[in-house]
Amino acid sequence: MQSNRLKFANIPTEFNGLTINSFEVNCYQEDFNRQIAKKAKQMVANYIHGFDEFAQTGKGLYFYSEKRGSGKTRLAVSLGNVLLNKIRRQVKFITSIDLLKEIKNTYNEESEYTESQILETITNVDVLIIDDIGVEKKSPWVNEILFGIFDNRMKYRKITIFTSNCEIENLEHDERLKSRILKMCIPVKMPEEDVRKNIAKSENEELQMRLMEGKG
Ligand SMILES: Nc1ncnc2c1ncn2[C@@H]1O[C@H](COP(=O)(O)OP(=O)(O)OP(=O)(O)O)[C@@H](O)[C@H]1O
Ligand SMILES: [Mg+2]
């Protein structure tokens, strides 16, 4: 049962089992970014603590920062892991691009699933993590699909967690869609610092040292 839920959640391997505790505050170089990270981490801890209440009002979280690699997906997925493993909710992770792609694929005659099967799953799951909302190409079709999903999730007070490079107000979606997202989520500002780059740099430096020392 738990393994089925885990499989269904589809959390990327990179983030499997990651916790809120291991979300580092000190990996940001700038002090003000460490403060923002600390606040974001605390907000997530408080959200988990008060989850029953938030769940009743259907409020999720919206992690945003313009900078890539700042830890948005990392923190959103860590929250998803807690909701899945400790609070025992059904969780589904998907990027907005993959979601639209999966729906589009159902228009193909050989598709295993129908459009309404995918929409039903995405609309009904207890906790939906939509990664990177805003990067998908905008079109009336995209608006219609996303509006249908979020309008229903809002009506049934289902929790949706988003990550984005864009504040909700600045998303290039139509106003009806944006006002649903605003209503469904509490915004969580993430640091404007690329931790991915910092981590890659120190990893590479270490590997470079090993190569130079010839220790393999
Ligand atoms: N605070 C942190 N503590 C530990 N690891 C972190 C932290 N923030 C980010 N990382 C790691 O850095 C990498 C980039 O983080 P992540 O993918 O969450 O960034 P992102 O903000 O979602 O980026 P993008 O905008 O490109 O989607 C990941 O490998 C992640 O595990
Ligand atoms: Mg991300």
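Read the figures in this text as sums done on the coordinates, not as results from a lab. Keep in mind that what you see is a predicted model, and the values were worked out from it rather than measured. Positions of Cβ are backbone-derived with ideal geometry, glycine not excepted, and every protein chain shown enters the neighbour counts.
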With θ set to phi - 60° and the Karplus curve 6.51 cos²θ - 1.76 cosθ + 1.60, what are the ³J(HN,Hα) couplings of the stretch 114-125 in order, to the nearest whole Hz, using x for Gly and Pro?
8, 4, 5, 5, 5, 4, 5, 4, 5, 6, 9, 4
Taking the Cβ of I97 as the centre, find all other residues whose Cβ is under 13 Å away and add up their charges (Lys, Arg: +1; Asp, Glu: -1).
-1
Top positive-direction residue, dipole computed over the stretch 2-213 with Cβ charges, set P187, M212, P12
P187
Under unit Cβ charges (Lys, Arg +1; Asp, Glu -1), what dipole magnitude, rounded to 20 debye, does the stretch 131-200 have relative to its Cα centre?
420
Which of S3, S96, S139, S164 has the fewest Cβ neighbours within 10 Å, and the rest in rising order:
S3, S139, S96, S164
Quick one: helix 31-49 against the long Cα principal axis of the chain, what's the angle to the nearest 10°, folded into 0 to 90?
50
Projected onto the charge dipole of the stretch 67-199 (unit charges on the beta-carbon of Lys, Arg, Asp and Glu, signs +1, +1, -1, -1), the Cα from S96, N85, N165 with the largest positive-side position is that of N85
What longest range of the chain stays clear of loop-exposed GluC sites (Glu not before Pro) (DSSP non-H/G/I/E/B, at most 16 other C-beta within 10 angstrom)?
113-166
For the stretch 87-174, the dipole about the Cα centre with charges only on Cβ (Lys and Arg +1, Asp and Glu -1), to the nearest 20 debye, works out at 460
Give the residues of the stretch 135-165 whose amide nitrogen is closer than 14 Å to a point set 7 Å from the Cα of N108 in the direction of its Cβ.
none
Helix-derived mean residue ellipticity, 222 nm - over the chain, DSSP H n ≥ 4, -39500 (n - 2.57), to 500
-16500 deg cm²/dmol
Residue span N204 to K137: 0.36 nm per residue of separation minus Cα-Cα distance leaves a gain in nm of 20.7 nm
Which of the three applies to the stretch 52-167, rounded, prolate or oblate, going by the alpha-carbon gyration tensor with a ≥ b ≥ c and a/c under 1.5 meaning rounded?
oblate
For the stretch 150-164, in residue order, the Karplus 3J(HN,Hα) values (coefficients 6.51, -1.76, 1.60; θ = phi - 60°; whole Hz; Gly and Pro = x) are 6, 4, 5, 4, 5, 4, 9, 6, 8, 7, 10, 10, 10, 10, 7
I186 and L211 label points (each 7 Å along its Cα→Cβ direction) are spaced in nm at 4.6
Nearest-ten-degree value, helix 72-85 long axis tilted from longest Cα axis of the chain:
70
Could you list, in their original order, any pairs among K38/K101; K101/K197; K158/K201; K38/K197; K67/K101 whose Cα atoms are separated by more than 30 Å?
K38/K101; K158/K201
Whole-Hz Karplus ³J(HN,Hα) for the stretch 189-200, in order, using 6.51 cos²θ - 1.76 cosθ + 1.60 and θ = phi - 60°, x for Gly and Pro?
6, 10, x, 8, 8, 8, 5, 4, 5, 4, 5, 4
Please build a GNM for the chain, connecting alpha carbons under 10 Å apart, and tell me which residue among T121, T19, T95 fluctuates the most.
T121
With charges set only on the Cβ (+1 for Lys and Arg, -1 for Asp and Glu), what does the dipole of the chain come to about its Cα centre, in debye to the nearest 20?
720
Note to self: C-alpha centroids of the stretch 30-91 and the stretch 142-216 sit apart, in Å, by 11
